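The values are calculated or read from the model by the stated rules, or taken from the named source; none is laboratory data. This structure is a prediction, so every number in the text was calculated from the model and none was measured. Quick reminder, even Gly has a Cβ in these numbers, built from the backbone with ideal geometry, and neighbours come from all protein chains shown.
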Ligand SMILES: [Zn+2]
Ligand SMILES: [Zn+2]
């Protein structure tokens with residue numbers, strides 16, 4: 001089973017690999033890749049949001065640091081893995097790809 005980076009589409013064999021890549025390459029965004037809002041601190045922004053796409057981003061970004069609710073953590077982890085894995089849940093995955101690539105032009109890397 002593999003995972004795809006929702007920003008650039010690069011494939012990874014493990015979630016750990018994907019998370020490392022994400023933090024290294026996509027953590028200096030000045031806009032949120034999910035809702036396109038201008039943000040000073042992406043980590044703080046994703047922590048405030050309650051929808052699944054933001055939670056997936058949160059998981060990728062800092063592994064849900066700051067989230068005390070264990071059940072919620074487990075659930076978000078599952079959602080993230082499902083959404084980012086290749087194959088089985090392509091619909092969710094595509095909706096993330098869409099929201100990311102839709103705003104792609106605004107990013108400075
Ligand atoms: Zn990437
Ligand atoms: Zn956002």
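Please work out if residue 26 is within 14 Å of ligand 2 (Cβ to nearest atom) and over 19 Å from residue 66 (Cα atoms). It is true that residue 26 is within 14 Å of ligand 2 (Cβ to nearest atom) and over 19 Å from residue 66 (Cα atoms). Comparison of 36, 28, 40 shows that the only residue that is more than 10 Å from the chain's Cα centre (by Cα) and at pLDDT 85 or above is 40. Close contacts from the range 1-20, counting a first residue that is over 16 Å from residue 56 (Cβ atoms) and without any contact (Cβ under 8 Å) to a residue 60 or more places away in the chain and a second that is in a strand (DSSP E or B) and within 16 Å of ligand 2 (Cβ to nearest atom), with Cβ to Cβ under 6 Å and a gap of 6+ residues or different chains, come to none at all.
So that you can scan it fast, the table gives a plain yes or no per residue for (1) modelled with pLDDT of 85 or more; (2) in a helix (DSSP H, G or I); (3) crowded, with 16+ Cβ neighbours inside 10 Å:
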position: 50; (1), (2), (3): yes, no, no
position: 56; (1), (2), (3): yes, yes, yes
position: 75; (1), (2), (3): yes, yes, no
position: 92; (1), (2), (3): no, yes, yes
position: 98; (1), (2), (3): no, yes, no
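If you go through the range 24-42 and pick out every residue that is within 16 Å of ligand 1 (Cβ to nearest atom) and surrounded by 11 or more Cβ atoms within 10 Å (Cβ to Cβ), you end up with 10. Here residue 52 fulfils each of the conditions (1) within 17 Å of residue 5 (Cβ to Cβ); (2) under 12 Å from the mean Cα position of the chain (by Cα) apart from (1).
For the range 47-60, the set of residues classified as within 14 Å of residue 79 (Cβ to Cβ) and more than 11 Å from ligand 1 (Cβ to nearest atom) consists of 49, 50, 51, 52, 53, 54, 55, 56, 57, 58, 59, listed by residue number. Going through (1) farther than 13 Å from residue 57 by Cα; (2) touching a strand residue (DSSP E or B) at 6+ places or on another chain (Cβ under 9 Å) one by one, residue 25 falls short only on (2). Among the residues of the range 1-46, just one is under 16 Å from residue 77 (Cβ atoms), assigned to a loop (DSSP other than H, G, I, E, B) and touching a helix residue (DSSP H, G or I) at 6+ places or on another chain (Cβ under 8 Å), namely 6.
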